[in-house]
Amino acid sequence: MTSLVGRHIGRYRILEQLGSGGMSVVYKGLDTALDREVAVKVLHPHLAGKDESRRRLAREARAVAKLHHPNILEVFDFSAADAQDAFIVTEYIRGQTLKVFLDEGPMDPPELAAMVIHELAAALAHAHEAGVIHRDLKPENVMVRDDGVLKLMDFGIARLMDIEERMTLTGTLVGSPAHMAPEIIEGLEAGPPADVFSVGIMFYAAMTGRLPFLAPNTTATLKRILDGDYEDPRRRVPALSDELADICATCLQRDPQRRYPDAARLRDALADYLAGLGFARVGEELVSYFADPQSYRKLARQRIVATLLDRSERQLAEKRIPRALASLNQVLALDGANERALALLKGIQRAQRLKTWRRRGIRVGVGLAAAGLLGLGGWKARSGHASIDPAMSQEVTAPEQVATTPPPPEPSTEPLATTTAPAGLAAGAQENAGRPGTPQPVRPASPPPRAAKAPSGLTPRTEGSPSVGGTVKTGLARAATPEDEDAPRKPLVRRLPVSILVRPYGSIRVDDGAISTQPLQKHDVEMTPGRHAVTISCDYCEDVVDTIDVQAEGDNVFHLRAQPKASRLSVDFEPAGAQVRVGDEVRTAADSLTTPFEVRSPRGPAGFQHTVVVEVSHPGYVPERRVVHLRPGEPTTLRGSLRPE
């Protein structure tokens with residue numbers, strides 16, 4: 001393709017070439033009408049010459065132009081259907097691609113990779129909600145601006161070609177085969193889960209420093225993707241937590257139905273994990289990281305270690321030993337000489353040894369007791385004492401018995417039955433049965449009939465209870481009453497650990513209790529099983545009440561969402577009669593000063609800063625398009641003036 005440097009494409013003067021790919025060449029340009037730098041992506045002639053490609057370009061450009069997100073490259077313009085060149089004009093980014101950073105090695109600790117993917121997932125979530133699929137996610141399509149803000153580029157451009165057209169003359173697959181979802185390889189329609197799969201590949205590469213499905217050639221790579229064949233990242237990254245490994249594995253599921261259904265669910269999963277480690281404002285963390293990566297890595301590791309140590313101590317107190325061990329393992333992978341972690345680990349090992357010795361001691365004690373009882377039985381058999389019927393001991397301990405000496409039993413007319421001597425009696429005891437001076441066989445024990453309730457103060461009589469010496473000693477006890485039997489027992493109330501994750505963050509109040517002291521993303525509390533009302537509040541949001549159901553078994557983790565307050569936006573523009581559009585609402589600039597636009601964000605946004613696009617136009621003037629950042633509950637006035645045409 002001939003270079004366009006020095007030429008004009010429409011009102012855009014081409015200044016220099018920035019890069020090229022299988023579908024387009026990217027130039028730095030100047031918008032001569034607005035006097036601003038732009039990026040101009042020009043399609044290769046073999047695509048620009050097809051009417052269908054041009055129609056797709058216009059359709060995709062219109063869809064992407066409606067996306068307004070801090071992490072999405074903004075589309076300004078695109079070529080007309082009859083233009084000589086097919087192009088898209090976007091904002092110009094000063095910075096480097098994410099690939100440049102990843103080529104330096106894996107992001108350490110892995111939580112840094114989770115932050116990057118969180119920001120990309122947030123951008124994708126905005127696109128998925130608008131029905132736009134990216135289809136060509138890879139590090140080359142992510143810019144890291146000089147101020148540390150990530151910008152996702154090239155939405156929908158991979159759709160300009162059918163799957164059959166993606167094979168170039170050299171036999172390589174256009175669109176980065178190593179990042180493709182299985183359904184795209186198979187020529188099926190790609191939905192949000194396809195983007196989730198590609199993001200999972202980027203996540204894996206950012207954590208480990210290598211692609212999960214990389215093979216010697218394209219065909220082998222595609223086969224590995226279709227087979228779902230990749231190495232567990234924990235084998236290469238000891239500091240990788242099980243939670244992050246599970247999130248990545250969910251993204252890389254072969255079956256789209258088993259992945260996160262869209263990027264919003266992935267964003268939320270990562271946000272919850274990062275908030276639990278104290279990284280609530282991911283965008284600000286990344287700005288600090290890209291400004292000074294080396295210093296930030298050191299501080300991030302220290303923060304993660306401190307949080308994990310506190311978590312492991314809490315888990316030990318709650319007797320959640322496996323989870324405590326997982327937290328300590330991650331600490332030692334980050335800091336192998338951490339004394340606090342080693343001490344906690346030794347404490348767990350010591351407790352386990354004591355538990356093992358107790359179990360062994362109990363077994364030995366039970367064995368010795370059994371041997372002693374058997375020996376006692378043999379001694380009794382030889383000494384000529386009669387045995388006590390076990391049924392009798394059961395009766396005298398029943399709650400309906402009273403602690404008195406029962407009268408001697410009436411003589412029984414039943415014949416005595418010969419029984420087998422209990423185990424442990426000496427063999428001679430059986431041989432001497434019936435001889436003078438030896439114990440005689442006793443009647444087999446049978447369950448005694450339940451004694452009838454006697455009036456208060458009287459002793460219920462039990463028949464068929466043999467006695468030794470005519471009396472049986474029992475412990476002191478009072479007579480049972482009907483009230484004892486019918487009185488309800490008070491259940492033991494057990495409080496369970498509960499985690500409440502608030503997006504983006506906020507204070508909570510459980511039922512009628514006190515409000516939490518700080519607005520957080522993650523609240524760890526204790527609750528009784530059952531349903532509870534949780535009120536979410538903060539300085540920037542309206543109070544909302546959600547109901548949660550705490551279960552007696554399993555983990556109780558609840559995801560709740562704050563509702564930001566509405567923002568009021570006024571537009572002070574010249575001419576005053578200029579038409580102002582914010583979303584679906586339209587009014588004049590003058591009217592907006594008396595009746596501001598009320599801008600509401602959905603429940604549970606990624607952050608409390610809300611971004612809207614304001615379009616101002618008037619006949620005879622050059623229209624303007626502004627991106628405005630609003631704070632919930634606060635008034636904002638946008639000022640300016642349109643330039644005459």
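Apart from one condition, G131 fits all of (1) modelled with pLDDT under 90; (2) surrounded by 20 or more Cβ atoms within 10 Å (Cβ to Cβ); (3) under 27 Å from the mean Cα position of the chain (by Cα); the exception is (2). A search for C-beta distances below 7 Å between a residue of the stretch 219-245 that is on the phi > 0 side of the Ramachandran plot and any residue that is assigned to a loop (DSSP other than H, G, I, E, B), counting only pairs 6+ apart in sequence or on different chains, returns G228/R254. Beta carbons closer than 7 Å, at least 6 apart along the sequence or on distinct chains, pair a first residue in the stretch 268-285 that is farther than 18 Å from G506 by Cβ with a second that is modelled with pLDDT of 90 or more and assigned to a loop (DSSP other than H, G, I, E, B) for E285/F279. Confirm whether A300 is surrounded by fewer than 19 Cβ atoms within 10 Å (Cβ to Cβ), closer than 30 Å to L98 by Cα and touching a residue at least 12 places away in the same chain (Cβ under 8 Å). Answer is no for this residue. Remark: V331 matches the filter, which requires a residue to be within 18 Å of E243 (Cα to Cα) and without any contact (Cβ under 8 Å) to a residue 60 or more places away in the chain. Considering only residues of the stretch 185-208 that are assigned to a loop (DSSP other than H, G, I, E, B) and of a type outside the set (A, V, I, L, M, F, W, C), which is surrounded by the fewest Cβ atoms within 10 Å (Cβ to Cβ)? That would be E189. Taking T32, is it closer than 30 Å to A269 by Cα and hydroxyl-bearing (S, T, Y)? Taking the combined requirement at face value, the residue does not satisfy it. Being in a loop (DSSP other than H, G, I, E, B), touching a residue at least 60 places away in the same chain (Cβ under 8 Å) and closer than 21 Å to D272 by Cα is the filter here, so list the residues in the stretch 540-582 that pass it. Residues satisfying the conditions are Y540, A562. If the condition is being among the β-branched types (V, I, T) and in a helix (DSSP H, G or I), then the stretch 172-184 contributes only I184.
One residue stands out in the stretch 42-62 among those that are without any contact (Cβ under 8 Å) to a residue 24 or more places away in the chain and outside any loop (DSSP other than H, G, I, E, B): the one that is farthest from P605 (Cα to Cα), namely H46. Residue-level analysis places R259 among those that are surrounded by 15 or more Cβ atoms within 10 Å (Cβ to Cβ), at pLDDT 90 or above and not assigned by TED's automatic domain parsing to the domain that holds A341.
Evaluated against (1) aliphatic (A, V, I, L, M); (2) modelled with pLDDT of 95 or more; (3) touching a Leu at 6+ places or on another chain (Cβ under 7 Å), A239 falls short on exactly one condition, (2).
Select from the stretch 134-171 the residues that are part of a loop (DSSP other than H, G, I, E, B) and among the acidic types (D, E) and write down the one among them that is modelled with the lowest pLDDT.
First, the residues of the stretch 134-171 that are part of a loop (DSSP other than H, G, I, E, B): 134-138, 146-149, 153-156, 161-162, 168-171.
Cutting the leftovers down to among the acidic types (D, E) gives us 136, 146-147, 154, 162.
Numbers: D136: 86, D146: 91, D147: 89, D154: 82, D162: 42.
Residue satisfying both the conditions and the ranking: D162.
Scanning the stretch 332-347 for residues that are assigned to a helix (DSSP H, G or I) and either within 27 Å of the chain's Cα centre (by Cα) or under 22 Å from L299 (Cβ atoms) (or both) yields a count of 8.
The values are calculated or read from the model by the stated rules, or taken from the named source; none is laboratory data. Model, not experiment: these values are computed from the prediction. Heads up, the Cβs are rebuilt from the backbone with ideal geometry, glycines too, and the neighbour counts pull from every protein chain shown.
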